[in-house]
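Novice: Before I ask anything, let me first share the structure, which is written out below as C-alpha cells.
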Amino acid sequence: QVQLVESGGGLVQAGGSLRLSCAASGTIFRINVMAWYRQAPGKQRELVARSTSGRTTNYADSVKGRFTISVDNDKNTVYLQMNSLKPEDTAVYYCNADLKTRIVGNSRSYWGQGTQVTVSS
C-alpha cells in the first residue's frame, strides 16, 4: 500500500509564507509525477503545481512567481513553498502522486488526505 502524508498547513496573514510537505511511503518502484492541488469551498479542485520526473515543473498562472514546487527523490517527498500568500489562496491543499509500485503494470494516482491553508486579510 502507498500512503501520502501531508504537513505544513495552517493560518497565516496575507503576505506571509508557508511550506507544505508530502511524503510518499510504502512499496514504490518509481514516481512519475508529484503535484499539489487545492480546493476552495464551493469550487472545483485545481492544479497548483506539478513536478514531472523531478525535473519539469508546471504552475497555475495564479501562483507563478509566488509558489515553488520541489522534490526530494531520496525521501519520496514533495514540497510546496508558498510566498506572498493571498486570501484567495485559502483552500484545502492535496498532494498527488502518479507512481508505479512494481516494474510491470501501469502507474496509478494516489492522493493525500489534504491540509488546510487559511490566509487572513
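Novice: Residues of the range 31-50 being within 30 Å of residue 121 (Cβ to Cβ), of a type outside the set (Phe, Trp, Tyr) and either in contact with a helix residue (DSSP H, G or I) (Cβ under 7 Å, 6 or more places away or on another chain) or part of a strand (DSSP E or B) (or both), which ones? Talk me through it step by step, then tell me what you get.
Specialist: Of the range 31-50, the ones within 30 Å of residue 121 (Cβ to Cβ) are 35-50.
Next, from what is left, pick out any that are of a type outside the set (Phe, Trp, Tyr): 35, 38-50.
Answer for the range 31-50, where residues must be within 30 Å of residue 121 (Cβ to Cβ), of a type outside the set (Phe, Trp, Tyr) and either in contact with a helix residue (DSSP H, G or I) (Cβ under 7 Å, 6 or more places away or on another chain) or part of a strand (DSSP E or B) (or both): 35, 38, 39, 46, 47, 48, 49, 50.
Novice: If you take the residues of the range 15-30 that are part of a loop (DSSP other than H, G, I, E, B) and open to solvent by less than 50 Å² (accessible area, probe 1.4 Å), which of them is farthest from residue 91 (Cα to Cα)? Walk me through how you get there before you give the answer.
Specialist: Within the range 15-30, the first condition is being part of a loop (DSSP other than H, G, I, E, B), and the residues that meet it are 15-17, 27-29.
Next, only the ones that are open to solvent by less than 50 Å² (accessible area, probe 1.4 Å) stay: 16, 28.
Details: 16: 15, 28: 29 Å.
This residue is 28.
One line per residue, one yes/no per condition, for (1) without any contact (Cβ under 8 Å) to a residue 60 or more places away in the chain; (2) exposed (fewer than 15 other Cβ atoms within 10 Å of the Cβ):
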position: 58; (1), (2): yes, yes
position: 63; (1), (2): yes, no
position: 85; (1), (2): no, no
position: 93; (1), (2): no, no
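Novice: If you go through the range 100-113, how many residues are under 17 Å from residue 25 (Cβ atoms) and either modelled with pLDDT of 95 or more or open to solvent by 60 Å² or more (accessible area, probe 1.4 Å) (or both)?
Specialist: 7
Conditions tested, residue by residue: (1) surrounded by 16 or more Cβ atoms within 10 Å (Cβ to Cβ); (2) without any contact (Cβ under 8 Å) to a residue 24 or more places away in the chain; (3) aliphatic (A, V, I, L, M).
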residue	(1), (2), (3)
13	no, no, no
32	no, no, no
49	yes, no, yes
66	no, yes, no
77	yes, no, no
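Novice: Given the conditions (1) touching a residue at least 60 places away in the same chain (Cβ under 8 Å); (2) among the polar types (S, T, N, Q); (3) open to solvent by 60 Å² or more (accessible area, probe 1.4 Å), report the number of the one that residue 44 does not fulfil.
Specialist: (1)
Novice: Before we move on, is residue 68 farther than 17 Å from residue 41 by Cα and not in a loop (DSSP other than H, G, I, E, B)? Even if it seems obvious, please write down each step before you answer.
Specialist: Numbers: farther than 17 Å from residue 41 by Cα: yes; not in a loop (DSSP other than H, G, I, E, B): yes.
Considered against the rule, which asks whether it is farther than 17 Å from residue 41 by Cα and not in a loop (DSSP other than H, G, I, E, B), residue 68 comes out as yes.
The values are calculated or read from the model by the stated rules, or taken from the named source; none is laboratory data. Owing to the predicted nature of the structure, the values given are computational and were not obtained by experimental measurement. For neighbour counting, all protein chains shown are included, and Cβ atoms are generated from backbone atoms with ideal geometry for every residue, glycine included. When the accessible area is computed, the model is the full protein with side chains, heavy atoms only, and any ligands, DNA or RNA have been set aside. Shrake-Rupley method; radii C 1.70, N 1.55, O 1.52, S 1.80 Å.
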